[in-house]
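Contents: one structure, followed by commentary.
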Amino acid sequence: MDEQKKLEHQIELATRAASLVKDETTGQRFRSFADELKRKLLRMMRRGQVRARAYELWEQAGRPSNRELEFWLQAERQIEDEREERKGSGAS
């Protein structure tokens, strides 16, 4: 099972457990755990997006050597800008 599917499964189990337990404190702990797993999943997905964008930028630049960090940082900026743009247009 790949890491993303594993996390999705764990989120589902924690969410289900939170809804089934009678003790509110335990339920809250399960919900907090599910939220933490969701954040981890989002970070993982974002890394994959950055990796793909950095590779695309590297190819467009003619595959130069020793500039991996430059392309990675550029990809992070582009993806973050796009995310902020979507947030801004969604709030309107």
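The values are calculated or read from the model by the stated rules, or taken from the named source; none is laboratory data. All of these numbers come straight from a predicted model, not from anything done at the bench. Using ideal geometry, Cβ is built from the backbone for each residue, glycine included, and neighbour counts are taken over all protein chains shown.
Brief remarks on what is shown
- Listed by first and then second residue, the pairs with beta-carbon distance under 8 Å, at least 6 apart or on different chains, first residue in the stretch 48-77 and among the hydroxyl-bearing types (Ser, Thr, Tyr), second in a helix (DSSP H, G or I), are Tyr55/Phe71.
- Just one of the numbered conditions (1) surrounded by fewer than 12 Cβ atoms within 10 Å (Cβ to Cβ); (2) assigned to a helix (DSSP H, G or I) is not true of Lys22: (2).
Every residue, every condition in (1) of a type in the set (Ser, Thr, Tyr); (2) modelled with pLDDT under 95, yes or no:
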site: His9; (1), (2): no, no
site: Ala17; (1), (2): no, no
site: Thr25; (1), (2): yes, no
site: Leu42; (1), (2): no, yes
site: Ala52; (1), (2): no, no
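Residues checked against (1) of a type in the set (Phe, Trp, Tyr); (2) out of contact with any helix residue (DSSP H, G or I) (no Cβ under 7 Å at 6 or more places or on another chain); (3) closer than 25 Å to Leu7 by Cα:
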site: Gly48; (1), (2), (3): no, yes, yes
site: Arg53; (1), (2), (3): no, no, yes
site: Gln74; (1), (2), (3): no, no, no
site: Glu85; (1), (2), (3): no, yes, no
site: Gly90; (1), (2), (3): no, yes, no
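- Subset tally (residues that are loosely packed, with under 10 Cβ neighbours inside 10 Å and under 11 Å from Ala54 (Cα atoms)) for the stretch 65-92: 1
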